[in-house]
Each structure stands twice: as structure tokens, then as C-alpha cells.
Amino acid sequence: MAEVRLRVNGADHPLDIQPQVSLLDALREHLGLTGTKKGCDQGACGACTVLADGERINSCLALAVQYEGAEITTIEGIDHPLQAAFVRHDGFQCGYCTSGQICSAVGMLAEHKEGMPSAVTGQGSGSHLSGAEIRERMSGNLCRCGAYNGIVEAIQEVAG
């Protein structure tokens with residue numbers, strides 16, 4: 001067993017866990033934060049996306065012990081205009097991927113604001129977020145229901 005102290009959504013949580021426990025499993029099974037979903041459990045779908053020190057990560061690929069001292073933000077800790085925009089634009093259908101989509105979009109908007117370039121435009125901050133650029137920047141998050149148009153519209157609304 002390993003003793004680890006995770007800081008999640010602004011609160012410290014001491015845990016006694018096996019070193020091989022993923023961050024996703026620590027959040028869901030040890031802390032009861034079930035908003036983060038287990039999709040593929042292989043890092044391919046993005047349903048498990050959370051923010052670690054503001055950067056989006058696939059929590060199914062991360063070991064919980066690696067993130068001691070980091071500020072982890074799950075969907076339960078997010079209060080962002082994107083949430084209402086997703087509702088207005090029907091950015092979800094079944095909702096399974098929505099928590100990962102929103103966490104990823106929050107991280108993506110911060111990346112864009114900080115000037116991180118896109119493979120589509122090669123530009124970052126100051127550039128308009130086109131539908132194609134949002135799709136590229138959000139390509140790590142899959143929606144099996146196909147609500148992509150609503151997701152893109154919600155992100156465009158919030159990005160301004």
C-alpha cells in the first residue's frame with residue numbers, strides 16, 4: 001500500500017492505495033467522485049478527462065500516486081459557463097462523455113488563451129476558434145451519440 005494525499009476540487013484527501021491504482025479509480029472508487037467516467041480505460045475516448053494543475057489529462061492512464069501535490073479538478077469541481085452552453089446547444093445526448101468533454105473544453109480554452117498553437121491553424125491566443133479548430137483541439141474526446149455539432153457550438157459561444 002502507498003499513502004498518498006490527493007488535492008481534489010480544493011480539498012485534501014489522504015488515501016491508502018495500491019501504487020498501481022489509476023487516478024480514475026482513486027477518484028471513483030476511493031473518493032466517490034463518479035462524475036468522471038470510465039469509457040475505454042485505454043486513453044482513447046476522453047470520458048475520463050480531468051484537469052491536473054489546469055491541464056487536461058486522461059485519468060485512466062495516470063497513476064494516482066503521480067499526482068500527489070497536484071490540484072485535480074473533476075467535473076464536480078467545475079463551475080463554468082460551458083455547462084449552461086452545453087445545455088443550450090444540445091451538446092450531449094446520453095451524457096456519458098459530457099463530464100470529460102467539459103473538462104477538456106475548459107482546459108482547451110485555457111490552452112488557446114495561453115497561445116498554444118493548433119495543428120489546424122498553427123495559431124493560439126488572439127485567433128478565432130473556428131469549428132475545424134475546435135474539432136481538432138477536442139479530438140481526444142469522443143461522443144458515441146454524435147453530439148459534436150452542439151459541443152462545437154457551445155464552445156464557440158463561450159469562446160466568444
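The values are calculated or read from the model by the stated rules, or taken from the named source; none is laboratory data. Just so it is clear, the structure is predicted and the values come from calculations on it, not from any experiment. For neighbour counting, all protein chains shown are included, and Cβ atoms are generated from backbone atoms with ideal geometry for every residue, glycine included.
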field: Within the stretch 125-137, tally of residues that are surrounded by 17 or more Cβ atoms within 10 Å (Cβ to Cβ) and not β-branched (Val, Ile, Thr)
entry: 3
- prompt: Going by the conditions given, is residue 19 in contact (Cβ under 8 Å) with a residue 24 or more places away in the chain and not assigned by TED's automatic domain parsing to the domain that holds residue 106?
  reply: yes
Residue in the stretch 10-33 that is surrounded by the most Cβ atoms within 10 Å (Cβ to Cβ), counting only those that are in contact with a His (Cβ under 9 Å, 6 or more places away or on another chain) and assigned to a loop (DSSP other than H, G, I, E, B): 31
- prompt: Based on what the data block shows, is residue 7 part of a strand (DSSP E or B) and more than 22 Å from residue 147 (Cα to Cα)?
  reply: yes
Members of the stretch 43-69 that are of a type in the set (Gly, Ala, Ser), surrounded by fewer than 18 Cβ atoms within 10 Å (Cβ to Cβ) and either in a helix (DSSP H, G or I) or on the phi < 0 side of the Ramachandran plot (or both): 44, 52
field: Residues being touching a Lys or Arg at 6+ places or on another chain (Cβ under 9 Å) and of a type in the set (A, V, I, L, M) - total across the stretch 41-63
entry: 2
message: Residues that are in a loop (DSSP other than H, G, I, E, B) and in contact with a strand residue (DSSP E or B) (Cβ under 7 Å, 6 or more places away or on another chain): does the stretch 133-149 have at least one?
response: yes
message: I'm trying to understand the selection: among the residues of the stretch 86-112, which are surrounded by 18 or more Cβ atoms within 10 Å (Cβ to Cβ) and farther than 18 Å from residue 51 by Cβ?
response: 89, 91, 92
query: Any idea which residue in the stretch 77-100 is farthest from residue 33 (Cα to Cα), counting only those that are in a helix (DSSP H, G or I) and touching a Phe, Trp or Tyr at 6+ places or on another chain (Cβ under 7 Å)?
result: 86
message: For the condition exposed (fewer than 12 other Cβ atoms within 10 Å of the Cβ) and farther than 20 Å from residue 81 by Cβ, what is the one hit in 122, 140, 160?
response: 122
query: (1) in contact (Cβ under 8 Å) with a residue 24 or more places away in the chain; (2) part of a loop (DSSP other than H, G, I, E, B); (3) loosely packed, with under 15 Cβ neighbours inside 10 Å: which one isn't true of residue 36, the others all being true?
result: (3)
